[in-house]
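Let me begin by presenting the structure, written as structure tokens, before commenting on it.
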Amino acid sequence: MTRNPEEDDLMVMGAPLPRLAEAEPLDGRRVRLLWMSGETAIVDLAPILASRRIYAPLLGNEALFRGLRIAEWGNALQWDGDLEISAVWLHRAQCMSCN
């Protein structure tokens, strides 16, 4: 059966974006991530949080940091106060820490 591209709801343009399935805060500012792909990683968020003033509350408030949650579509980590870090940025940070 031949598929008609005009009838498809999705367009595929290269590799899919990374999506989060689970996240768990660890000691310091590290998080354990489970990706939708099944891959797991521990990522130190301290360098990311220190790189932007908007993240200062997450550096100084343990309860706020531990209140992390995954965005509805798995495309970011979110915290109260409209704070979030994209899954793409997290995936890049994970890859950089492997080198």
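The values are calculated or read from the model by the stated rules, or taken from the named source; none is laboratory data. Please read all numbers here as calculations on a predicted model, not as lab measurements. In this analysis, Cβ positions are derived from the backbone assuming ideal geometry, glycine residues included, and neighbour counts consider all displayed protein chains. The accessibility values were calculated without ligands, DNA or RNA, using every heavy atom of the protein model including side chains. Shrake-Rupley method; radii C 1.70, N 1.55, O 1.52, S 1.80 Å.
Of all residues in segment 15-51, those satisfying the criterion of being small (Gly, Ala, Ser) and open to solvent by 20 Å² or more (accessible area, probe 1.4 Å) are Ala15, Ala21, Ala23, Gly28, Ser37, Gly38, Ala46, Ala50, Ser51.
Taking the residues in segment 52-99 that are among the polar types (S, T, N, Q), modelled with pLDDT of 95 or more and in a loop (DSSP other than H, G, I, E, B) as candidates, determine which candidate is surrounded by the fewest Cβ atoms within 10 Å (Cβ to Cβ). Lay out the reasoning, then the answer.
Step one: filter segment 52-99 for residues among the polar types (S, T, N, Q), giving 61, 75, 78, 86, 94, 97, 99.
Okay, now just the ones that are also modelled with pLDDT of 95 or more, so 61, 75, 78, 86.
Of the ones still in play, those that are also in a loop (DSSP other than H, G, I, E, B) are 61, 75.
Working: Asn61: 14, Asn75: 16.
Only one residue fits best here, namely Asn61.
Among the criteria (1) out of contact with any Lys or Arg (no Cβ under 9 Å at 6 or more places or on another chain); (2) without any contact (Cβ under 8 Å) to a residue 60 or more places away in the chain, the one His91 does not fulfil is (2).
Residue count for segment 57-73 satisfying the condition of being small (Gly, Ala, Ser) and under 9 Å from Arg29 (Cα atoms): 0. The one condition from (1) within 20 Å of Pro18 (Cβ to Cβ); (2) free of Cβ contacts under 8 Å to residues at least 24 places away in the same chain; (3) touching a Pro at 6+ places or on another chain (Cβ under 8 Å) that Ser86 does not meet is (3).
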